[in-house]
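The values are calculated or read from the model by the stated rules, or taken from the named source; none is laboratory data. What you see is a predicted model; the values in this text were computed from it and never measured. For neighbour counting, all protein chains shown are included, and Cβ atoms are generated from backbone atoms with ideal geometry for every residue, glycine included.
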Amino acid sequence: MPLSASPNQSSYSLVPYSEFWSTDDPPQTLHRLLSEPRDFEPSRHSDDLNFGYTQQAVWLRTQVHNDSPGPQRWIIQFEYPFLDNVTLYTLREQFTGVQRSGSAVPVGQRVLAHRQAVFPLSLDPNETVTLYTHVAAYGSKMLSYNLMTPDAFYAQNERQNFWLATYFGMLLALGLYNALLYLGFRERVFLHYSLFVGGFGLAILAFNGLGTLMFWSFLAENTARLVALSFTFASTMATLFAQSFLNTATYSPRWHQIVTTFRSYCWLAVIATLLLPIPVALHLMDVTGFMTSLLLMVCGSYCTLRGVPSAKLFVLAWSLFLLGTGVFTLRNLGVLPTNFITLHGLQIGSALEMLLLSFALVSHFNQLKRQKELAQSAMVAALKKQESILEQKVAARTKALEHQANCDVLTGLLNRYGLCRDADAALHRNRQHNHRLALLMLDLDRFKPINDVYGHEAGDFVLQQIAKRIAHSARDGDHCARLGGDEFVIIMENIESGEPLESIQARIDYAIRSPIKLPCGERINVGVSIGVSTCYGDDGATLESLLREADSHMYTAKSSHAATDYHYVPANL
């Protein structure tokens, strides 16, 4: 009988309203299915749609009636995420809709990008549609599915995503934390545990459909092979972890040899999952996982009787994991029904198991920590001393590099780069506070003859003395720079209205014109031509415009000095 979907109810199980059909040679198309009469069997509860491991494809049929005078939108959701190919046919009076989803279908080809097989369904007022669903999967076929309103579906999806994010976040944290412990202590128990958690987490990521949704959609049907490979690899790493954690080589050499021999089988199983057909690889995965859990629980029980440290906690942890693995395997084989516990038993058991093992590793970690505390305390003082020395060197080097980048090597004044940096900051402050700013460009008169008569070393000496006099004559906070050759620049901020620039120029001119005694004993005089440019507040002035204006005024001043002759005065005069 058809399901009468009412907007007053947010969710329906489609199992009681469905019929199923499966044979050794099922039709692969809806046209072939409808062309020949088929004996569909009714399903009354979820166990009827639990087919376990079977290579037969399954057809589901159900009718849905819109019990409302208005249109309705629904979502059809398959609970079990590990279904390779699910195709939904919607038969209406005039056309048939086809939608695809499933873990082996690339995300871009799914009707809705979701980790489970989900399909949208729109119903017109009082419309009745027939749904045919074709399911093909290498793994277990758990075909419980529901009809939900979009609000109910997305609310449930948020809850599931929260718990999945919590679960995978825990696995990631445990794996990375123990990997870091291995790098710090070089104890293999941490590495083995990290590899076990990593392999198991990868398997669960693929099994739940999140991995395909986010990372490896391109694998298509090989996603099932990845599940088998990851679970089998996790079983192999579990044997290594058990041996190193229980220290079976010391406390129980016989069990150590048994587990080592079994691990050889596990490695063969890992290789087999890559080579065997996918259905066989999945069966091998289930058998290997169950055998590993059972073997390690027995080994842990024996070590508990021998008084091995932390063995009791190990047994409890692996008992929970064995329970989850058993529920997972028996459900896949169709022995147990599908419900929340059987559907998520593996995740629940593994989460509890890994948390308990982490607690057990804490004591092992604390023991290693105590062993290294003495050595670490001896290193701390040396490290602090080296750190202090390094900080001093870094600070000195940073200061030297900053000075080298911004200052002229010869005179110690700002270079062109340093001038540009300080000028930008000065102009920004000038615009903010609406103050007066001046730029003085200084060009030495008759400097070239000094190089010609006394040599370039004397010329460099004169430039150094002139730079000192400029810096001494400038006010505190002024920016003094050497542009190159015998050209200098001074940027003056916050010039008061009562502070004439002529007096500042005269002071600088007098300081520069004072005689300079060369290293050879000779006294010489140089002159200077000064060009000035000013700006007020936000008048759009830039360093380039100020330099151009000052340069023009400077050349005007130099022209007026052209007739003046500056003599070099001997030292004895």
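Observations on the structure shown:
- Residue in region 34-47 that is modelled with pLDDT under 85, surrounded by fewer than 13 Cβ atoms within 10 Å (Cβ to Cβ), within 46 Å of the chain's Cα centre (by Cα) and over 29 Å from Gln156 (Cα atoms) present: no
- Of all residues in region 484-503, those satisfying the criterion of being surrounded by 13 or more Cβ atoms within 10 Å (Cβ to Cβ), out of contact with any Asp or Glu (no Cβ under 8 Å at 6 or more places or on another chain) and either farther than 23 Å from Arg421 by Cβ or among the charged types (D, E, K, R) (or both) are Glu499, Leu501.
- Test result for Tyr53, modelled with pLDDT under 90, among the aromatic types (Phe, Trp, Tyr) and either more than 47 Å from the chain's Cα centre (by Cα) or outside the structural domain of His283 (by TED's automatic domain parsing) (or both): yes
- Long-range neighbours under 7 Å by Cβ, at least six apart or interchain, first residue on the phi > 0 side of the Ramachandran plot within region 511-535, second surrounded by fewer than 20 Cβ atoms within 10 Å (Cβ to Cβ) and in a loop (DSSP other than H, G, I, E, B): Gly521/Ala571
- Test for Val64: is it β-branched (Val, Ile, Thr), exposed (fewer than 14 other Cβ atoms within 10 Å of the Cβ) and assigned to a strand (DSSP E or B): no
- For Arg306, the test of being within 13 Å of Thr239 (Cβ to Cβ) and among the basic types (Lys, Arg) is failed.
- Annotation note: Cβ proximity below 7 Å between a residue of region 451-462 that is closer than 17 Å to Arg482 by Cβ and a residue that is surrounded by 15 or more Cβ atoms within 10 Å (Cβ to Cβ) and polar (S, T, N, Q) (sequence gap 6+ or interchain) occurs for Gly459/Asn451.
- Among the candidates Leu226, Leu205, Leu183, Leu210, the residue that is surrounded by fewer than 18 Cβ atoms within 10 Å (Cβ to Cβ) and within 16 Å of Ala104 (Cβ to Cβ) is uniquely Leu210.
- Filtering region 413-444 to residues that are at pLDDT below 90 and outside any helix (DSSP H, G or I) leaves Asn434, His435, Arg436.
- Test for Gln160: is it in a helix (DSSP H, G or I), among the polar types (S, T, N, Q), at pLDDT below 90 and surrounded by fewer than 22 Cβ atoms within 10 Å (Cβ to Cβ): yes
- Filtering region 462-483 to residues that are in contact with a helix residue (DSSP H, G or I) (Cβ under 8 Å, 6 or more places away or on another chain), farther than 16 Å from Leu439 by Cα and surrounded by 15 or more Cβ atoms within 10 Å (Cβ to Cβ) leaves Val462, Ile466, Arg469.
- Single unsatisfied condition, Pro125 versus (1) surrounded by 14 or more Cβ atoms within 10 Å (Cβ to Cβ); (2) more than 30 Å from Ile204 (Cβ to Cβ): (1)
Residues checked against (1) outside the structural domain of Asn247 (by TED's automatic domain parsing); (2) at pLDDT 75 or above; (3) touching a Phe, Trp or Tyr at 6+ places or on another chain (Cβ under 9 Å); (4) of a type in the set (Ser, Thr, Tyr):
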{"position": "Gln347", "(1), (2), (3), (4)": "no, yes, yes, no"}
{"position": "Ser350", "(1), (2), (3), (4)": "no, yes, yes, yes"}
{"position": "Glu353", "(1), (2), (3), (4)": "no, yes, yes, no"}
{"position": "Phe359", "(1), (2), (3), (4)": "no, yes, no, no"}
{"position": "Ser363", "(1), (2), (3), (4)": "no, no, no, yes"}
{"position": "Val380", "(1), (2), (3), (4)": "yes, yes, no, no"}
{"position": "Glu391", "(1), (2), (3), (4)": "yes, yes, no, no"}
{"position": "Lys399", "(1), (2), (3), (4)": "yes, yes, no, no"}
{"position": "Val409", "(1), (2), (3), (4)": "yes, yes, no, no"}
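- Criterion (in the same structural domain as Phe190 (by TED's automatic domain parsing), farther than 22 Å from Thr54 by Cα and out of contact with any Pro (no Cβ under 6 Å at 6 or more places or on another chain)) met by exactly one of Gly300, Gly289: Gly300
- Only one entry in Gly209, Gly139 is touching a Lys or Arg at 6+ places or on another chain (Cβ under 6 Å) and within 23 Å of Gln77 (Cα to Cα), namely Gly209.
- For region 163-187, a residue qualifies if it is assigned to a loop (DSSP other than H, G, I, E, B) and either in contact with a helix residue (DSSP H, G or I) (Cβ under 8 Å, 6 or more places away or on another chain) or touching a residue at least 12 places away in the same chain (Cβ under 8 Å) (or both), and exactly one does: Glu187.
- Filter result for Gly459 (crowded, with 19+ Cβ neighbours inside 10 Å and of a type outside the set (A, V, I, L, M)): yes
- Residue check for Ser4: surrounded by 14 or more Cβ atoms within 10 Å (Cβ to Cβ), polar (S, T, N, Q), outside any strand (DSSP E or B) and in contact (Cβ under 8 Å) with a residue 60 or more places away in the chain: no
- Cβ-Cβ contacts under 7 Å between residues 6 or more apart (or on different chains), taken from a first residue in region 77-94 that is assigned by TED's automatic domain parsing to the domain that holds His31 to a second residue that is assigned to a loop (DSSP other than H, G, I, E, B) and aromatic (Phe, Trp, Tyr), are listed as Asp84/Tyr138.
To keep it simple, each residue is scored yes or no on (1) farther than 22 Å from Thr212 by Cβ; (2) assigned to a loop (DSSP other than H, G, I, E, B); (3) in the same structural domain as Glu19 (by TED's automatic domain parsing).
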residue	(1), (2), (3)
Arg73	yes, no, yes
Val105	no, yes, yes
His114	no, yes, yes
Pro120	no, no, yes
Pro125	yes, yes, yes
Val129	yes, no, yes
His134	no, no, yes
Ala155	yes, no, no
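- Selection status of Gln109, closer than 21 Å to Leu205 by Cβ and either free of Cβ contacts under 8 Å to residues at least 24 places away in the same chain or acidic (Asp, Glu) (or both): yes
- Meeting the requirement of 1 or more residues that are of a type in the set (A, V, I, L, M) and at pLDDT below 90, the strands (runs of 3 or more DSSP E) wholly within region 463-552 are 479-484.
- Pick from region 67-95, criterion among the aliphatic types (A, V, I, L, M) and surrounded by 19 or more Cβ atoms within 10 Å (Cβ to Cβ), ranking: nearest to the chain's Cα centre (by Cα): Leu83
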